[in-house]
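Q: Let me give you the structure first, and then I'll get to my questions.
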Amino acid sequence: MIAPANRTFGSFMAGLMRKGLEPAGFEVVDALPHPTPNKDFRNIALKIKELNPDLVIPSHYYNEGVLFLRTLQRQRIQPKAIYSVLGGASSQYRFLNEFPKAAQYLMDCNHWFDPRSRTAKALREKAEAAGKTFSYEVFLAYTAVMFTADAIERAGSTERAEIIAAMASSTWSDHFMPYGATSIVNGQNEAARPLVMQVQGKNIEVISPLEYRTRSAVFPHPA
Amino acid sequence: MDILGFQIPTYGWQTVTGSAISGVFLGSIYALVALGLTLIYGVLHIINFAHGSLLMLSMYAVFFLWAGLGIDPYLAMLLVVPGGYLFGYVLQRSVIGQVSHGRDEIILLVTLGVAIVIENAALFFFSADERSVQVPYDLDGLDLGVTFVVYPELVALAGSLLITLGLWLFMTRTDTGKAIRAVAKEREGARLVGINVEHIFAVSFGIGTACVAAAASLLAPTYAVHPQFGYLFVLIAFTVVVLGGMGSFVGALAGGFVIGITEQLGRLYLGESLGLITISVIFILILLFRPTGLFGQTPH
């Protein structure tokens, strides 16, 4: 069952998943889009309870993510797994710290730092020492600034057109994301790849792909 | 099920009953927010656009009392309700009353301006981050079979009933309540018999703000607060006030339940987004067939 935000991002993700899930052997029992912002997820929880899917795939922003996951918890609904795609709360340390029970065993396919990288580890310690959580906003913004700095240096200029040209031809790889060498096509980094994380205890572990894995996946969700 | 070419999904009775019950609890939240709004409209004839911002501000007060001093959101009511009253009183006396010169169009713009200032101040000082209160009884509650109702939802329902009763008693049994009603009915007449109309205006605005502060305490265990939080409920609260009848507390309560249940059933059958249209349909029907609302008085 898919539960996306009814906006450009959520609708696009839901369409993409419908297209990809069925050929991969999944039956999509229903898609339940919801408005953003949303103040109540009890109807969706009731529908999930009635349809009893093995897997719930939410895709929404942080605030809706928190309310959705807490509603499922309050309604005692526990599918075999919740696997969010670019989920707002599912791999956020803030949500884990605030609602550790609701966060347990959540999986999320999302952008994430290379857990083997020493630079990422050092940056995380620095962010946490400053009282911040090491969230996407921190490591993706940091990476974007480093990417821009590399482009400015290679352009040897602060002219907008020259920086854009340097970005478009970038093969920058000195970062801590699991992307390898940058490859920009039509403004998109086609070398970018997500990882799959799962909340286990007080940590967010990488469970896939194998080369970045820090822990094995826990599936199904323990009773 | 196919109705006029539209595919309407069918659900088991447990889901439908659970949805209707959830509508009662959602309706109690609407009623909580609408109670202050209807008081301010009923007396001052002000459509208070700042109501949502005041709700948001009260939520932040509850959050910081919890995060900084460890005060439970329900206990925080003892501080935020008097604080809300004082804030509302001063706001009306020193800003809205001073600037508006009694002209409705200016009052509308002033409350809108106050809302913009409060929201942007919240954004500046508190950032756009959502902040949640965590309470130990968050997951405890009653299993009704078709749905599980947690204590924060039950307390919000009880709170909306008690606040309605309290306001009704206050308005009918106290001298201040009678003065408020007198000012609402005949401003000049009230002034002639010695009522300080400006003070009563500020008192009414203060009580309306205190109501929204109480609502904030009751909502805090369920909802995270952020600078745009007020919009989630206040636009629907306006519909609740129109449905119940401007200035009617019982109407706000009944209107909240009607809107809550209709919205939940609408969202169940029409989908989470399209289902919201049921609120607009009710609003239009009320304006067409009973513009004074369910419990509103017909002007003579």
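Q: Criterion first (modelled with pLDDT of 90 or more, surrounded by fewer than 20 Cβ atoms within 10 Å (Cβ to Cβ) and within 12 Å of chain B (Cβ to nearest Cβ)) does A:Leu55 satisfy it? Explain how you work it out, then say what you get.
A: Details: modelled with pLDDT of 90 or more: yes; surrounded by fewer than 20 Cβ atoms within 10 Å (Cβ to Cβ): yes; within 12 Å of chain B (Cβ to nearest Cβ): no.
It is false that A:Leu55 is modelled with pLDDT of 90 or more, surrounded by fewer than 20 Cβ atoms within 10 Å (Cβ to Cβ) and within 12 Å of chain B (Cβ to nearest Cβ).
Q: A further question follows. Tell me, which residue of the range A:14-52 that is touching a residue at least 40 places away in the same chain (Cβ under 8 Å) and surrounded by fewer than 21 Cβ atoms within 10 Å (Cβ to Cβ) is nearest to the other protein chains (Cβ to nearest Cβ)?
A: Among those residues, the one meeting the criterion is A:Leu51.
Q: Then there's this: Out of curiosity, is B:Val62 β-branched (Val, Ile, Thr) and closer than 18 Å to B:Val203 by Cα? Quick ask: steps written out before the conclusion?
A: Details: β-branched (Val, Ile, Thr): yes; closer than 18 Å to B:Val203 by Cα: no.
Judged against the criteria, B:Val62 is not a match.
Q: With respect to the numbered conditions (1) in contact (Cβ under 8 Å) with a residue 60 or more places away in the chain; (2) in a strand (DSSP E or B), which one is the sole condition not fulfilled by B:Leu108?
A: Of (1) in contact (Cβ under 8 Å) with a residue 60 or more places away in the chain; (2) in a strand (DSSP E or B), only one is false for B:Leu108: (2).
Residue-wise test of (1) within 14 Å of chain A (Cβ to nearest Cβ); (2) assigned to a loop (DSSP other than H, G, I, E, B).
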residue	(1), (2)
B:Val242	no, no
B:Gly266	yes, no
B:Thr278	yes, no
B:Leu285	no, no
B:Gly293	no, yes
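Q: When only residues in the range B:204-235 that are buried (at least 24 other Cβ atoms within 10 Å of the Cβ) and more than 28 Å from B:Ala67 (Cα to Cα) count, which is farthest from the other protein chains (Cβ to nearest Cβ)?
A: Filtering first and then ranking leaves B:Ser204.
Q: Among the candidates A:Ser91, A:Ser84, single out the residue that is crowded, with 23+ Cβ neighbours inside 10 Å, assigned to a loop (DSSP other than H, G, I, E, B), under 21 Å from the mean Cα position of the chain (by Cα) and more than 8 Å from every other protein chain (Cβ to nearest Cβ).
A: On the way: A:Ser84 fails: assigned to a loop (DSSP other than H, G, I, E, B).
Testing whether each residue is crowded, with 23+ Cβ neighbours inside 10 Å, assigned to a loop (DSSP other than H, G, I, E, B), under 21 Å from the mean Cα position of the chain (by Cα) and more than 8 Å from every other protein chain (Cβ to nearest Cβ) leaves just A:Ser91.
Q: Which of the residues that make up the range B:190-216 are in contact (Cβ under 8 Å) with a residue 40 or more places away in the chain and small (Gly, Ala, Ser)?
A: Across the range B:190-216, the qualifying residues are B:Ala202, B:Ser204, B:Gly206, B:Gly208, B:Ala210, B:Ala213, B:Ala214, B:Ala215, B:Ala216.
Q: Can you name the residue in the range B:141-156 that is of a type outside the set (A, V, I, L, M) and exposed (fewer than 13 other Cβ atoms within 10 Å of the Cβ) and, of all such residues, is farthest from the other protein chains (Cβ to nearest Cβ)? It would help to see each step written out before you state the result.
A: Residues of the range B:141-156 of a type outside the set (A, V, I, L, M): B:141, B:143, B:145, B:147-148, B:151-153.
Now drop any that are not exposed (fewer than 13 other Cβ atoms within 10 Å of the Cβ), which leaves B:143, B:145.
Values: B:Asp143: 8, B:Gly145: 12 Å.
Once the filter is applied, the top-ranked residue is B:Gly145.
Q: Have a look at A:Ala89, A:Ala24, A:Ala81 and point out the one that is outside the structural domain of A:Ala127 (by TED's automatic domain parsing) and touching a Pro at 6+ places or on another chain (Cβ under 7 Å). So that I can check it myself, show each step before the final result.
A: Numbers: A:Ala89 fails: touching a Pro at 6+ places or on another chain (Cβ under 7 Å); A:Ala24 fails: touching a Pro at 6+ places or on another chain (Cβ under 7 Å).
Matching residue, one of A:Ala89, A:Ala24, A:Ala81: A:Ala81.
Q: Looking at B:Thr10 and the list (1) within 14 Å of chain A (Cβ to nearest Cβ); (2) within 30 Å of B:Ala190 (Cβ to Cβ); (3) modelled with pLDDT under 90, which single condition is not satisfied?
A: B:Thr10 satisfies all of (1) within 14 Å of chain A (Cβ to nearest Cβ); (2) within 30 Å of B:Ala190 (Cβ to Cβ); (3) modelled with pLDDT under 90 except (2).
Q: Right, here's the next one. Taking A:Pro53 as the residue in question, decide whether it is under 20 Å from A:Val28 (Cβ atoms) and assigned to a loop (DSSP other than H, G, I, E, B).
A: It is true that A:Pro53 is under 20 Å from A:Val28 (Cβ atoms) and assigned to a loop (DSSP other than H, G, I, E, B).
Q: Do you know which residues across the range B:175-189 are assigned to a loop (DSSP other than H, G, I, E, B) and under 24 Å from the mean Cα position of the chain (by Cα)?
A: Let us first name the residues in the range B:175-189 that are assigned to a loop (DSSP other than H, G, I, E, B), namely B:186.
Correct list: empty.
Q: Now for a different question. Filter the range A:1-12 down to the residues that are in contact (Cβ under 8 Å) with a residue 12 or more places away in the chain, of a type outside the set (Phe, Trp, Tyr) and surrounded by fewer than 21 Cβ atoms within 10 Å (Cβ to Cβ), then identify the one that is nearest to the other protein chains (Cβ to nearest Cβ). If you could, list the steps in order and put the result at the bottom.
A: Looking only at the range A:1-12, we keep the residues that are in contact (Cβ under 8 Å) with a residue 12 or more places away in the chain, and these are A:1-7, A:9-11.
Then drop every residue that is not of a type outside the set (Phe, Trp, Tyr), which leaves A:1-7, A:10-11.
With the extra rule that they be surrounded by fewer than 21 Cβ atoms within 10 Å (Cβ to Cβ), the set shrinks to A:1, A:6-7, A:11.
Values: A:Met1: 13, A:Asn6: 5, A:Arg7: 10, A:Ser11: 10 Å.
Per the criteria, the residue is A:Asn6.
The values are calculated or read from the model by the stated rules, or taken from the named source; none is laboratory data. Source: prediction; values computed, not measured. Positions of Cβ are generated from backbone atoms using ideal geometry, with glycine treated the same way; all protein chains shown enter the neighbour counts.
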